[in-house]
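Have a look at the structure below before the remarks.
The values are calculated or read from the model by the stated rules, or taken from the named source; none is laboratory data. Computed from a predicted model, the values in this text were never measured in an experiment. Cβ placement follows ideal geometry from the backbone for every residue including glycine, while neighbour counts extend to all protein chains displayed. Note: areas computed on protein heavy atoms with side chains; ligands, DNA, RNA excluded. Shrake-Rupley method; radii C 1.70, N 1.55, O 1.52, S 1.80 Å.
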Amino acid sequence: MRLLLAEDSAVNQRVALMQLQKFGYRADTVANGLEVIEAISRIAYDIILMDCQMPELDGYDAAKEIRRREGGKREIIIIAMTAAAMEEDRRRCFESGMDDYISKPVDPKRLAEVLAKWSERVESSQISIASD
């Protein structure tokens, strides 16, 4: 499974990468939404962990652009990881095309649960593609 971590804070990147490593995941990192768009044009990522407040292009607009490029297929799973923790912030994440939401500071147990849920979907879609 290919993971992309979109986070502009170097400290938050290190913390998230250590948490992911504890759960057996590896991720590539980028620091803004423009880099997300560039990265997905080169590599077929399964899941993007997306900070919402980033320079250049924020996570909301990056998610909208990803969905526009997918043309309604929703191939990449986008999980918001944001300090914006109000209900309206959560709603904005889903309205921009994100699939799930984790508030910061990230609870490692919640991160593990969310990744387990979505990695099952990734694995099942890869199995059905392989059997076609």
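Tabulated data for the structure shown
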quantity: Square roots of five times the Cα gyration tensor eigenvalues for segment 1-99, Å; calculated: 19, 16, 13
quantity: Heavy-atom accessible surface of the chain: percent carbon and sulfur, 1.4 Å; calculated: 50
quantity: The chain, dipole about Cα centre (Lys/Arg Cβ +1, Asp/Glu Cβ -1), debye to the nearest 20; calculated: 280
quantity: Whole-number percent relative contact order across segment 27-80, with pairs defined as alpha carbons under 8 Å at least 6 apart; calculated: 43
quantity: The chain, relative contact order [Cα under 8 Å, separation at least 6], %; calculated: 22
quantity: Nitroxide proxy distance, nm - points 7 Å out along Cα→Cβ at residue 61 and residue 18; calculated: 3.3
quantity: Long-range lysine pairs (8 or more apart or interchain), the chain, Cα under 21 Å; calculated: 7
quantity: Placed amide H near residue 101: partners under 5 Å, 5+ positions off or other chain; calculated: 80
quantity: Heavy-atom accessible area per residue - the chain, 1.4 Å, Å²; calculated: 56
quantity: Listed residue (78, 34, 54) projecting farthest to the positive dipole end of the chain, Cβ model; calculated: 78
quantity: Simple label model, 7 Å out from Cα along Cβ direction - residue 116 to residue 83, nm; calculated: 3.0
